[in-house]
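A short write-up of the structure that comes next.
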Amino acid sequence: MDILGLTQSTLPPRASHRYSAEELPPLEKVISDVEYLKRNEELVRQLDTDEGLQEYMAQNNHELQGYPIAYAQAMIWAYFVPDLWNFCLSVVTEDVPEDILPEYIWMQRKNLRYHTDMSPEEQRCWLPEANPGERIDQRLYFRQNLADCLLCPQVNQMEEAVVELTRMVEDFKSYLYTIDSPNKDTPWLERPLLFARLAEARVLCNYLDDETKVALERFLEGMAKTTEIINDLPWHLIVTRMSLALVLHVLSVEPEKQQSHTDWAVSHLRKRPQYKDRAIQFMLRSGQPLHPVLAKLGTDWLEDKPSTEHAECRQERRCVRCQRERPVVKKLVMCTKCKSACYCSQECRKADWPRHQPICSKWASIWFRAPAQVAKQLGNAKQWEMTPGAFNSAAVIHALALTQDISRARTHVIFRILVPATRTKSRAVQDKLYVSKIGVFKLEDVLPDIQLLISGPTLEITRRSISRMLDQGQDYVRVLCLNWTVLQGVTVIFSSKSFTFPQTQIRRMSYDPSWRDKVNRDRPPPGVPILPSGTPDSEFDYDESPLAARRVASRNRDIPLLSSRGILRMMT
């Protein structure tokens, strides 16, 4: 969970991949357990102390008498509130509903005690299924959950969070010595994110000292060498260099490094307006001097104004293999044959080649045969498809209504008709094309259309191919856009494009019903196409309200069928 705290999303909470668990229990049962605790406050107070717990077990001749006290306490609460217990074991912290946050924190302390208060001998006896590596991972997991909650604005217990994160780093150091790791003296090379978390918490507490400086620098060193997958890595890199600029300024040391970190952070914050809210919470803290990064950004940067299309389009592309982006990687290289994929390294390019080869061959053939003017427009179209502006991010998320139901990423697809803006004077990539038509369709309903377009042998093979493209990760969501691009007014090129969005990004967004009006900057909003099969648009099929039905009916009226001839006719 980041400094913004809970997502406040209406989507169902997620189960964490870091803890082996089955599905989360229904939220209604979890809330019922919370209400049980509130109705039985006297019992909670008794069982929360070791003396009261032992007295309770003696009075009831409980079978857990004689067991380690941390083990007994955990098992008794697992008996009284089983759904809350299982929920707190496995839920992603930032998805916890705010009204049960106190009970979640309370339960994390119980989980943490269960994994820390028993001696190594007791752990081997009562946790025989877990090896030392698994036990340390569980301790780190529960400390991180607790620290994340303590850091979030709803709780705001920063100093205690620093204590927990410091213990987390020490636990990990001890574990590396236990297994005689080659990184036992340089643990930041093994888990750099631990040091980033600790350093960020220390900055939030205004601990702008040498210890914080060392933690920040160790994260930078570890990040450059680790193979660990770090979610939201660009943000951690930005806040680390931003914080180093402040710490060096306060310590009055290394002015050249301070200036370098300041300039770098300013440059990347301007490219990424989506990080403004989080960055402000690091730069505007009581008791801190004027932040050098904020001083260079200027106070107008703080104004609450929507990000411009130009700013959004300056956001970086990602490696199609590992999803890393600048500034995490210094350079992204485009495939020279098809110009439709970027890679951060030769290793990623080789690893992705089996998947990319058919697409690459197709586009290389098109490039080779295309006349000069068509090739130029095609190049603009490929750049446009790879540009992360609102038309390829927010519009896609809102069109699919992922903020309402994230599973629609697997059940629905987007069809778009893209047209070159031949009369524009703008040199910006986002102005080279506009969206003439855009629609959302149920995947199962349009499989025959897709099979026809991609020349799939059978519906089942087409279904499996799309399923692979839409393979969802724990932290990311992939969606599919199918595009027709009209070139020179006479040629129609069909292409597919999958977009990857962090789940947290979607969960922090509110649905924008006017998204269609924002797709094209200076042109009318796009209409809705009808496919050759006649399948109706399904944008509002999650909403059975009369308003949604009226909007669908009015948009679908008098729109020609989507064939090559129909596309060209719609352009005239």
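Using the Cα centre of the range 1-156 as the reference point, and only Cβ charges (+1 on K/R, -1 on D/E), how large is the resulting charge dipole? Debye, rounded to the nearest 20. Present the calculation step by step, with values, prior to reporting the outcome.
On the way: 13 positive and 26 negative charges, 56 e Å.
I would put it at about 260 debye.
About its Cα centre, how strong a charge dipole does the range 385-491 have in debye, to the nearest 20, once Lys and Arg get +1 and Asp and Glu get -1 at the Cβ? Numbers along the way, then the final one.
Values: 13 positive and 9 negative charges, 78 e Å.
For this selection, approximately 380 debye.
Quick check: pseudo-label points 7 Å beyond the Cα along Cα→Cβ at residue 45 and residue 185, how many nm apart are they?
Modelled inter-label distance: 5.4 nm.
What number comes out for the charge environment of residue 58, summing +1 per Lys or Arg and -1 per Asp or Glu over other residues with Cβ under 13 Å away?
On the way: positive: none; negative: 50, 51, 55, 63.
Neighbourhood net charge equals -4.
On full extension of the chain, what length is gained from residue 458 through residue 224, given 0.36 nm per residue of separation minus the C-alpha to C-alpha distance? Let's see the in-between values first.
On the way: separation 234, 0.36 × 234 = 84.24 nm, distance 4.56 nm.
Result for the pair: 79.7 nm of gain on full extension.
Fewest first, what order do 374, 92 take by the number of other Cβ atoms within 10 Å? Don't jump to the answer; show the numbers that get you there.
On the way: 374 18, 92 22.
Exposure proxy ranking, most exposed first: 374, 92.
Using r as the Cβ-Cβ distance of residue 336 and residue 59, and R0 as 56 Å, what FRET efficiency do you calculate, to the nearest 0.05?
Working: r = 77 Å, r/R0 = 1.38.
Here the calculated transfer efficiency is 0.15.
Where a Cα-Cα gap under 24 Å defines reach, which lysines qualify for residue 362, not counting those fewer than 8 residues away within the same chain?
The qualifying lysines are 337, 339, 350, 376, 382, 432, 497.
Roughly what would the spin-label model give for residue 494 and residue 510, points 7 Å off Cα along C-beta, in nm?
4.0
Assuming 0.36 nm per residue, please report the length gained on full extension of the stretch residue 117 to residue 274 beyond their Cα-Cα distance. Don't skip to the end; give the middle numbers.
Numbers: separation 157, 0.36 × 157 = 56.52 nm, distance 4.14 nm.
Length gained between residue 117 and residue 274: 52.4 nm.
How about residue 225: which aspartates and glutamates have a C-alpha closer than 12 Å to its C-alpha, ignoring those fewer than 8 places off in the same chain?
190
Neighbour counts of other C-beta atoms within 10 Å: give me 453, 237 arranged from fewest to most. Please list the in-between numbers first.
Values: 453 18, 237 22.
Taking fewest neighbouring Cβ atoms as first place, the list is 453, 237.
Within a 10 angstrom radius of the beta carbon, how do 468, 241, 285 rank from fewest other beta carbons to most? The partial results should precede the final answer.
Details: 468 9, 241 22, 285 15.
Least crowded to most crowded, the residues run 468, 285, 241.
Taking the simple approach of a point 7 Å from Cα along Cα-to-Cβ for both residue 359 and residue 465, what is their distance in nm?
Those two pseudo-labels are separated by 1.3 nm.
Only the coordinates and a few stated rules stand behind these numbers; no lab work does. What you are looking at is a predicted structure, and each value in this text was computed from that prediction instead of being measured. No Cβ is skipped: glycine too gets one built from the backbone with ideal geometry, and neighbour counts run over all protein chains shown.
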